[in-house]
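Everything below concerns the one structure shown next.
Quick note: the coordinates plus some simple rules give every number you see, no bench work behind them. Being a predicted model, the structure only gives us computed values, none of them experimental. Glycine also receives a Cβ, built like all others from the backbone with ideal geometry; neighbour counts cover every protein chain displayed.
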Amino acid sequence: MFVEILVSFFIVLAGVFGLVGSFGMLKLKDTMQRLHAPTKATTLGVGGVLIASMLYFLLVKGTLSFHELLITIFLFLTAPVSAHFVAKTYIQVKMKPEELPGSEGEFGWAIYDDPPAYYDND
């Protein structure tokens, strides 16, 4: 009974995160705002389903499933990287350098700066 409650908890939690992520994709008005829905909520939703599957196979079937673990690791590593690429592309296509806030860094926004001199191969 405890195993069923634990697996059910993760499935319900994953469903709630998936629903919130889907609702965010529909209701948020800007691309940069909409970017948070799939990278945060939906990623946690899929992660919850994978954790529930791992727990089921471990506690009910008695086998450790590495497939779900590998999928979870891959998902949590690739979602931020793809979101970063989408954000940089959006900034490059839709925004001017004057519209961006200060970067508080030494070099400014890298997407608009000229490459440093040490990249020249002359």
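Looking for something under 23 Å from residue 85 (Cα atoms) and basic (Lys, Arg) - is there at least one such residue anywhere in region 44-66?
no
I'm checking my understanding of the structure. Among residues of region 69-88 that are out of contact with any Gly (no Cβ under 8 Å at 6 or more places or on another chain) and of a type in the set (Phe, Trp, Tyr), which one is farthest from residue 47 (Cα to Cα)?
My answer is 85.
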